[in-house]
Structures are given as C-alpha cells and as structure tokens.
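Remarks on the structure that follows.
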Amino acid sequence: KKFDEIKKANQAAAKKLVEDQFSSSSEDDDEDEVKQGKILAKTFTIYASQMDGGANELERTRQYMNEAFQSGAMTCLICIASVKRNQAVWSCCGCYCIFHLVCIQKWAKDSLFLVSSPLTDDDFGKKDYPWPCPKCRFEYKRSETPSRYYCYCGKVENPPLDPWLVPHSCGQICEKEFKPSCGHKCLLLCHPGPCPPCPKMVTTTCHCKKAKPVPRRCSAKEWSCCLPCGRTLLCGQHSCENPCHAGDCQPCPRVSKQRCICGRQTAERLCASPQWQCDQVCGKPLPCGNHVCERVCHAGPCGDCPRSGKRSCPCEKTKFTLPCTEDVPTCGDSCDKVLECGIHKCSQRCHRGPCEICRQEVEKQCRCGKHTKRMPCHKPYLCETKCTKIRDCQKHQCRRKCCPGNCPPCDQVCGRTLGCRNHKCPSGCHRGSCNPCPETVDVKCNCGKTVIKVPCGRERTIKPPKCKQLCSRPPTCHHSTQEKHYCHFGRCPPCRQPCQKTLTCSHLCPVPCHDEALVKQTGLHQSAGPWEQPSEPVFIQTALPCPPCEVPIPVECLGQHEVSPLPCHSASPYSCKRFCGRLLDCQNHTCTKECHHVTKLNSSADGKKAGPECLQCEEECTKPRPPGCPHRCVLPCHPGDCPSCLQMLKIKCHCKLSMLYIECL
C-alpha cells in the first residue's frame, strides 16, 4: 500500500510537469495552425473559384502569408526586431519586404541626408535624390517617403486589428493590376507579397498564328503549337525551321558562298550576315590620275582626290590652290595656335607637326591656393601642405597634399558592429547608421533536417522550426527502442512502454517504465520562520524499483479446502478461516481447529484423515448401549464397537425369593 501511494503521487507530479512543458504549447500551436488554415482558405476562396478549385500557382503568395502568421517570422531588417500585429508597417513594392513604419522613415531620412550633403556639392538642396530599399535597393523618390500606415492593397489607412484576417490586411479584395499588365485585377483578399498569376480564361492563338484559338489562363496565354514556324528569314532565301516561338526568328543558321563589298573575294559565310569586308585596300585610280584610293574594301565610287582643291597651310592662315602632286608650303607667319596650357599661343613660325610645350614663366598658385611660385607654365605646382578638413564621414581628416577642397570620400573601412552583433560593417567609413546585415542564418531543428533562413541576428529570438522527422536519440532507459515521437529540443518525454524486466518470480514487470521517474524531494530545507516563503518543490530523476508482482497465482489453502488466485508476491499457503473438518482418530468427530497445515505421515494416507497437528478427541463415548444395559461405556470416545459391559448386577429370580450377582452382559 505504501508503495502504491508513493507511485501514484510520483506519477501525478510527473504527469503535471510533462503537461506543463509539452502539452500546453503543442495544443496552442495546433490551435494556431487550425486558425491559420481557416484564414488562408478564406483569403484564397475567390481566387480558387476562378482556378476551378485549385490553387497551385499561389505558392509564393502563400509563403509570404505563412510568414505573416508565424510568430517572429516577419523581421524588420532595420531594427532586427519582430514585426507585430499591432505595429504600423510599410511594404516595399520591389521585394515585398516588410519594415516598421518609423524605421523606414528614419532610414529614408538618413539616406537622403547622406546622399545629398557632400561637403563641396554646389547643388546642395536642389536635386531630388532618391533613397533605396534596405533589402533590394529599389530606389524611391523623396516624395514617395511613407508618412502613413496603409494596408497591403493601399485602400484603408490604419487598418483595424482583426484576429481573423491576415495581419495588417483590410480584408477587402486586393484589385491591384497584374504585372505584366493584362487588363485584369487581383482577386485575392488584401495580402502581403506579390499578386499571383492572373487566373482569368481568354481565347488566344499560338505564336505563329497557325493553330486555332483555344481558351487558356490569362497568365499563360502565350503558347506554342510546336509546329515549324515557316516565316521567311532576313536572308530572303530560307524559312525558319524552329518550332513555333515568340518574338523574332533567329538569324539564318545556313552557310553560303558570298562576295565581299568590293567583290574581289568570295568566302563561305553565315547566310544571316551577307555583307562583309575583306582586308584589301581598294587601289583604284582616282580621277586626278596621280593617286589611287587608299580606303579598305568599300562599296560605291571612290570619290575625288583628297589633295585636290584649296588647301590651307599648317597654321591655317593662308590657303593655296596647287596641283595634287605638290605639298602645301608654310606661310612664314607666326603659328599663334593655343598651346596645351590654354593661356598662351605658339610663338614659332608656321610649322608642320605639333607645337612645343609652353615654356613661359608665370606666377602660379598651388592647387589649394595657399602658396604661389614663379615657374614654367607647363609644370603643375603642388605644395606640401596637408589638408586638415574632415571628410564626409565626419571622423577622419583628409590628409591629402595640396587638396583643392573637394576631399574624396573616406577610404577607411567602417568596421562598426552591425545590429546583428555577429558581423562588422564592410562599407567605407560613413555617417549615420550602418546598413542592415545582408547575411542570413540557418535556424535548424535539433536533428538538423528542417531548416529555415532568418536575417542574421534573429537566430537568438526566433523559435526553431517544427520538424516532422522522428526523434533519433538513443533511449535513456533499459529499452532497446524508444516510443516514436517527433524531433525536439530538451529531454525526451518519459518512456511509457511496459517495463518488461524479469522479476525474481520469473514474471515480467507490466507497469510503465520507471527508470527515469520524477521524485519530489522533501525535507531538504528547513524554514527559518513563518516569514520565509516556502520554496518550490524540487524533483529529481531517479530509477524506482519494480513494484511487487501482481500476477494472479492459484494457491490452495492450508487445509486443502479451496484454491484462490493470489498476487504472485504474496502467493503462499494461507488459512481459509474454516474449520479443519478432518476425521479424528476416534472415527466419530472432526477437527474443529481453524484451517491449518497437516503433516502427512505417509504418501498413501487419506487426505481427509487427521494429522498430528489436529485436536485429540476428549469426548466420552456416546455410542448406543446394548439393549438392557443402563451403564456407560468405560472407554473414552473410540473407534469400533464398545467392549462388553462387565458391571456386576444384583438380580432377583422370577419368584423374588433369591438374589443373584451376575455380569451385565
């Protein structure tokens, strides 16, 4: 009884602990999954009716909606925090990533400030600089900076929180134009992510227009009949042999002999490129009769001689009319061409070839404007003064020699720790907050077979994915295999298989496994007084011994009166509390002792005969006396007939005159 009481108390405590740790969370998750399935089914109802009951093309949109429902799955990449149902959000129209509204407003403000405020920009405040999405870098104008919280479809401002709608959704039909535009609108309820393909039915023909029009989905209205195209190619000689296709036909793939532009050479070339040039100089005589055409393979006439007509001298001040066989002489005037410095002119006489460098000495100012020096005009002047201005990062000095003021961007690496706390900023040194960490981290289940990707830094707070694989850990009890259950973190649930250990009686233990039972520890800490709060009970995991065997065993009582089933652990001869009932040696009475053990003196003895442990009969003989004998039997209770009565009687004769003394028999 004591063992049973302890066992029941331990089982109750262990059951409560297991339910608190496993059952409650799993039930909540199951309820959430059922609720989520109902919401998704409601969202896809209109679309599925257009898809003849199927929603095979909704997988990408369904993935975004699943992430919207999962706790902690939607993460703001700017602050690396979860996006909750009751928070104002903004969704990028390029990558559909969701951010907190206040985070994206701060991001846009910082981006515009960093892009539009270089130190020496003359157009400061005049240009409409764009700001990029933190994830896909899609650019938005300054006027497109979000200022209000709208639902996904943009119809409702500040959509109310509804537990039976997709988070941040208004619950109305989306009605966005499909991309690419087909004239139809999205039929889903207001949803995150891209709109699915258009499900409408249209009648359309194939690319080559040979097949009859057939009804098809608007999102897949372009189709191929797979027959040869047959359109005439650009070469004008062959037709397209490719299967029915979209767009222009490919260039003709055949090879043919074709002449070059000048017609001197013939070569095998692709039919798609009939015009080609050989590498021979034309060489035909020009109209002047003195020169030949120096152009490489060309079409049409060669034209006039380039040396005919009026020609200028090298300084282009005087023109001469000379035969094409004579060179133009120099005019003798000063050259006066502007030199490379852009300030002075060439002082040499008219000459052929390039002008010399400017050698005139001038008072030159260095690039930064702090020093002057007299030196040749063609030489640049750079002083040794280092610039002390702060670069656009507002941290480091320029330190460039003779800097004109347009200091370059800082060339040092930022190196600040990003919001994920795992990586450092690889960008150049900059002002403001760093970009979000672009890395993603795999969050795995305990066995590693189920993986989800989350932004770097969220792996510490997001729940591991639910794994549908069975737990592969070895059992911690004496069983060779454990009960089937799904992959999990922490300790495996208690083993509920039958113990099946062999007991001392050779039976198997039928109770649930008790190798790792939770036992409450008591009496470890004595309270100092009534003011001290009682501590939580402490449970330790320990192996309990097998309980006594309860297998029923038929056992005969001591007096062999009955056979009763008794628990194996207490299966021993017992007293049935009846009278013994065995026939005593007197053969007249039975043993009146309570059921007891009887020793058999020999194996052939009768099972109903009294043994040495039975009572001894102490009664008087009660057998009937012979007729006429008034005396009792002189023996105690005995077996068989009584002995003859030997009592002496005094008897008178018939006449009453004489008295005789005779034995009673």
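Going by the alpha-carbon gyration tensor, a ≥ b ≥ c the square roots of its eigenvalues, is region 127-187 rounded (a/c under 1.5) or, if a/c is not under 1.5, prolate (a/b greater than b/c) versus oblate? Because a/c hits 1.5 or more and a/b fails to exceed b/c, region 127-187 counts as oblate. Charging the Cβ of each Asp and Glu at -1 and of each Lys and Arg at +1, and nothing else, the dipole of the chain about its Cα centre rounds to 2800 debye. Nonpolar atom fraction for region 442-518, defined as the carbon and sulfur part of the 1.4 Å probe accessible area, stands at 55 percent.
The modelled label-to-label distance for the pair ASP4/THR145, using points 7 Å beyond Cα in the direction of Cβ, is 7.9 nm. Compared with the direct C-alpha span, the chain from ASP304 to ASP110 gains 63.3 nm at full extension, assuming 0.36 nm per residue. Of all segments of the chain bounded by chymotrypsin sites (Phe, Trp or Tyr not before Pro) found in a DSSP loop with no more than 10 other C-beta atoms within 10 Å, the longest spans 165-488. Annotation for LYS373 and GLU550: the two label points, set 7 Å from Cα along the Cα-Cβ direction, are 10.7 nm apart. Relative to the current alpha-carbon distance between LEU470 and LYS577, full extension at 0.36 nm per residue lengthens the span by 32.7 nm. When Rg/Rh (Cα atoms, Kirkwood Rh) is computed from the coordinates, the matching label among [x] 1.39; [y] 1.19; [z] 1.67 is [x]. Within region 629-651, which residues have the backbone N less than 16 Å from the label spot 7 Å out from MET659 along Cα→beta-carbon, could you tell me? Correct set: 648-651.
The GluC sites (Glu not before Pro) of region 206-289 that meet both conditions, a loop assignment by DSSP and at most 15 other Cβ atoms within 10 Å of the site Cβ, are GLU222, GLU241. Computed from label points 7 Å out along Cα-Cβ, the spacing between LEU270 and LYS389 is 5.3 nm. Ligands, DNA and RNA aside, VAL441 has an accessible area near 40 Å² when probed at 1.4 Å.
Charged side chains reduced to their Cβ positions (Lys and Arg at +1, Asp and Glu at -1) give region 442-518 a dipole of some 460 debye around its Cα centre. Computed over the chain, the per-residue total of -39500 (n - 2.57) for DSSP H runs of n ≥ 4 gives a 222 nm mean residue ellipticity of -3500 deg cm²/dmol, rounded to 500. Rounded to the nearest 0.05, what FRET efficiency do ARG460 and GLU175 have when you use their Cβ-Cβ distance and R0 = 35 Å? About 0.30, to the nearest 0.05. Ligands, DNA and RNA aside, ASP110 has an accessible area near 40 Å² when probed at 1.4 Å. For region 484-639, the orientation-averaged shadow of the C-alpha convex hull comes to 21.3 nm² (one quarter of the hull surface).
Given R0 = 25 Å, the distance between the Cβ atoms of VAL156 and ARG85 translates into a calculated FRET efficiency of 0.95.
In the structure shown, the pairs LYS179/LYS210; LYS200/LYS453; LYS38/LYS463; LYS8/LYS38; LYS466/LYS501 are assessed against 31 Å; a Cα-Cα span above that value is assigned to LYS200/LYS453; LYS8/LYS38; LYS466/LYS501. Once the C-beta distance of LYS401 and ARG431 is scaled by a Förster radius of 25 Å, the resulting FRET efficiency is 0.50 to the nearest 0.05. The GluC sites (Glu not before Pro) found in region 124-200 include none that occupy coil by DSSP while having at most 10 further C-beta atoms within 10 Å. For region 216-255, the residues whose backbone nitrogen is under 20 Å from a point 7 Å from the Cα of MET201, taken along Cα to Cβ, are 216-224. Applying 0.36 nm per residue to the separation of LEU227 and GLN412 and subtracting their alpha-carbon distance, the gain on full extension is 60.5 nm. The listed residues THR440, THR522, once ranked by accessible area (1.4 Å probe) with the largest placed first, stand as THR522, THR440.
Dividing the convex hull volume of the alpha-carbon atoms in region 573-644 by its residue count gives 104 Å³ per residue.
The values are calculated or read from the model by the stated rules, or taken from the named source; none is laboratory data. Note that this is a predicted model, so its numbers are computed, not measured. Please note: Cβ atoms are built from the backbone with ideal geometry, for glycine as well, and neighbour counts cover all protein chains shown. Areas reflect the complete protein model, heavy atoms only, side chains present, ligands, DNA and RNA absent. Shrake-Rupley method; radii C 1.70, N 1.55, O 1.52, S 1.80 Å.
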